[in-house]
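Input: a single structure, listed below in structure tokens.
Nothing in this text is a laboratory measurement; each read-out follows from the coordinates by a stated rule. Worth saying up front: this structure is predicted, and the values here are computed from it rather than measured.
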Amino acid sequence: QVQLVESAGGLVQAGGSLRVSCAASGSLPSIYTMGWYRQSPGKQREFIATITSGDNTNYADSVKGRFTISRDNAKNTVYLQMNSLKPEDTAVYYCRLGYLQYSYWGQGTQVTVSS
């Protein structure tokens, strides 16, 4: 079993920055992809960014150039650095670990951007 624990989000003003993290524990595979997704009220969960074990990254167009995903394999932790935040970035942010046909999710952390 795999557990994902996200750090607390927070409230930040538009234009500000915030970093969230997600620590994985349990029976972890040797190779896996980690990612961030978000969900706003009334909307479907959307993809934000992923990073492979080889540090290949992929971003949604909406966050490209503003958000950076990174990982520390020694700590089994993935980070999401969010800069130039906008009110529309307000959402619950979820961490995901995926390998083969398996997918695990964190509990979610609220990020609120005030205008």
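Throw me the Rg/Rh for region 20-65, computed over C-alpha atoms with Kirkwood Rh, two decimals. Could you put the intermediate results ahead of the total?
Numbers: Rg = 12.6 Å, Rh = 12.3 Å.
Computed over Cα atoms, the ratio is 1.03.
Taking the Cα centre of each part, how many Å lie between region 81-112 and region 37-59?
6
Considering only DSSP beta bridges with both partners in the chain, what is the antiparallel share in %, to the nearest 5?
90
Can you give me the Rg/Rh ratio for region 1-103, using Cα atoms for both radii and the Kirkwood formula for Rh?
My calculation puts Rg/Rh at 0.96.
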